[in-house]
Amino acid sequence: MLSLLRYNFLLPTFGTWLSFFLAIPIFYSLMIPPIFIYIVFVTTIILSYFYTDLRARSTMYIASLPVKLAAIVRGRYVSVSLISLCLLFYQWGWGVVISNLFGIGVYVYTWKDILVLSMLAVLIVTLVTPIYYAVKSFLMATGIVLIGYFLAVFYSLKPLTDVLGMDNYVIFNELDAGFVLVVEKYVPFQPFVTLGIAVLVLLFLSIKLSERLFIKKQRIT
């Protein structure tokens, strides 16, 4: 498993990682909402993995090694989740630096935001990853993911604006504070514990589904 994790961490190109680290402070300086940045980056990480698989045929190579096929899938889930968590704290650090040193009024994550965004990142991995294992075409899978994101944005605006008191208007740059409020409003009993358990259950089911899809695909090829 450790070798698979190292493999997955190195899978995206150096340029991909460099763009992540440079883009976050640039986006902060442009006053783009931090949570929007984070969601886009988490999804981009997943896309970069499967695009690299397609371009370099790296999955075929590692599948030929003496490792269990199911372990390859688990390594992908773990590595993407860990990278997403690292990016979250990196983003939080930049928020603190820009807010305190430069006096720019950016949104800085609280511990509740970090909990919610950690679970959101795992949920994104849970929902997106099986799509790429199930759909043969990378472009078609990406299209499905983009449609899903448009629908998620559309249906999340109403709950976010309601908890923030935006009755007849939407201020995109002020939506960040609404995510925790939505969780606390719609999950009234121990919201963080309940949501965490639900996400872990979905993660387990997603991993099992992806394992079956990946093993089936490798046997066909």
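The values are calculated or read from the model by the stated rules, or taken from the named source; none is laboratory data. In this text the structure is predicted, and so the values were computed from the model without any measurement. Glycine gets a Cβ as well: all are built from the backbone with ideal geometry, and neighbour counts include every protein chain shown. Calculation scope for accessible area: heavy atoms of the full protein, side chains included, ligands and nucleic acids excluded. Shrake-Rupley method; radii C 1.70, N 1.55, O 1.52, S 1.80 Å.
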> Going through the stretch 154-171 one residue at a time, which ones are closer than 19 Å to PRO188 by Cα and open to solvent by 100 Å² or more (accessible area, probe 1.4 Å)?
Replying inline: LYS158
> Filter the stretch 101-129 for residues that are in contact with a helix residue (DSSP H, G or I) (Cβ under 6 Å, 6 or more places away or on another chain), open to solvent by 40 Å² or more (accessible area, probe 1.4 Å) and not in a loop (DSSP other than H, G, I, E, B); which is farthest from LEU85 (Cα to Cα)?
Replying inline: LYS112
>> Going residue by residue through the stretch 46-57, is there one that turns out to be modelled with pLDDT under 60 and surrounded by 13 or more Cβ atoms within 10 Å (Cβ to Cβ)?
In response: no
> So which residues in the stretch 182-210 are of a type in the set (Phe, Trp, Tyr) and either part of a helix (DSSP H, G or I) or in contact with a Pro (Cβ under 6 Å, 6 or more places away or on another chain) (or both)?
Replying inline: TYR186, PHE192, PHE204
> Which pairs have Cβ atoms under 6 Å, sit 6 or more apart or on different chains, and link a residue in the stretch 179-204 that is modelled with pLDDT of 90 or more and open to solvent by 50 Å² or more (accessible area, probe 1.4 Å) to one that is in a helix (DSSP H, G or I) and of a type outside the set (A, V, I, L, M, F, W, C)?
Replying inline: GLU184/PRO191; LEU202/THR126
> Using beta carbons and a limit of 6 Å, which pairs, at least six apart or on different chains, have the first residue in the stretch 36-54 and of a type in the set (Gly, Ala, Ser) and part of a helix (DSSP H, G or I) and the second one open to solvent by less than 20 Å² (accessible area, probe 1.4 Å) and modelled with pLDDT under 80?
Replying inline: SER48/PRO12
